[in-house]
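The values are calculated or read from the model by the stated rules, or taken from the named source; none is laboratory data. Keep in mind that this is a model prediction, so the values were computed, not measured. Cβ placement follows ideal geometry from the backbone for every residue including glycine, while neighbour counts extend to all protein chains displayed.
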Amino acid sequence: MNKKIKRMLLLELGILFLVLIIFIMIQSELFTLLPPCIIHKTFGILCPSCQGTRCVINFLAGDFSASFAYHPVFFITILYFIIVNVIFIINSFRKKDILTFLYPTTKFWIMFLVVIVIFTILRNIL
């Protein structure tokens with residue numbers, strides 16, 4: 001295992017630790033102290049990340065239907081990154097990589113931004 005893979009695995013452990021902290025915060029209801037969205041409060045429109053926090057909270061709590069209802073794009077993105085992280089960890093221990101076409105590229109990020117913009121516009125119109 002080379003240094004790059006070791007750093008990425010440490011990053012993965014850090015992300016898991018962060019998820020654990022967020023889960024603990026959910027259980028203690030510390031998220032009720034978060035301020036409301038400034039864009040929604042000021043302009044009355046939903047920003048691209050509005051209801052994203054509720055999506056993540058419900059996802060970590062195991063209520064996937066509510067999570068999807070709050071923000072479908074965040075929900076699908078969370079699932080995608082979980083799958084990609086599992087594939088990366090598996091590939092770290094194998095000699096031959098599998099499913100590397102699923103790794104995010106520049107095209108992925110451009111498509112993701114386009115989907116977020118379209119979703120935000122449609123959400124505010126409908």
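Could you say whether any residue in the range 5-21 is touching a residue at least 24 places away in the same chain (Cβ under 8 Å), touching a Leu at 6+ places or on another chain (Cβ under 8 Å), at negative phi and not hydrophobic (A, V, I, L, M, F, W, C)? Outline the logic, then answer.
Initially, the range 5-21 is screened for residues touching a residue at least 24 places away in the same chain (Cβ under 8 Å), giving 5, 8-9, 12, 15, 19.
Checking the rest, the ones that are also touching a Leu at 6+ places or on another chain (Cβ under 8 Å) come to 19.
Those left that are additionally at negative phi: 19.
This time we only want the ones that are not hydrophobic (A, V, I, L, M, F, W, C), so: none.
No: the range 5-21 contains no residue that is touching a residue at least 24 places away in the same chain (Cβ under 8 Å), touching a Leu at 6+ places or on another chain (Cβ under 8 Å), at negative phi and not hydrophobic (A, V, I, L, M, F, W, C).
Mind listing just one residue for me: the one in the range 18-49 that is among the aromatic types (Phe, Trp, Tyr) and more than 20 Å from residue 116 (Cα to Cα) and, of those, modelled with the highest pLDDT? So that I can check it myself, show each step before the final result.
As a first pass, look at the range 18-49 and keep what is among the aromatic types (Phe, Trp, Tyr): 23, 31, 43.
Adding the requirement that they be more than 20 Å from residue 116 (Cα to Cα) leaves 23, 31.
On the way: 23: 71, 31: 64.
Looking at residues that are among the aromatic types (Phe, Trp, Tyr) and more than 20 Å from residue 116 (Cα to Cα), I get 23.
In the set (1) in a loop (DSSP other than H, G, I, E, B); (2) touching a residue at least 60 places away in the same chain (Cβ under 8 Å), the condition left unmet by residue 116 is number (1).
For residue 118, the criteria (1) over 22 Å from residue 18 (Cβ atoms); (2) surrounded by 12 or more Cβ atoms within 10 Å (Cβ to Cβ); (3) among the hydrophobic types (A, V, I, L, M, F, W, C) hold in every case but one, which is (2). Per the conditions (1) buried (at least 16 other Cβ atoms within 10 Å of the Cβ); (2) within 17 Å of residue 115 (Cβ to Cβ), the sole criterion not satisfied by residue 91 is (2).
No other residue among 56, 73, 84 is without any contact (Cβ under 8 Å) to a residue 60 or more places away in the chain, touching a Ser or Thr at 6+ places or on another chain (Cβ under 8 Å) and either surrounded by 10 or more Cβ atoms within 10 Å (Cβ to Cβ) or not hydrophobic (A, V, I, L, M, F, W, C) (or both) apart from 56. With a requirement of 1 or more residues that are under 27 Å from residue 8 (Cα atoms), the helices (runs of 4 or more DSSP H) lying completely within the range 33-99 that satisfy it span 52-61, 72-92.
With respect to the conditions (1) touching a residue at least 40 places away in the same chain (Cβ under 8 Å); (2) in contact with a Gly (Cβ under 6 Å, 6 or more places away or on another chain), residue 89 lacks only one, and its number is (2).
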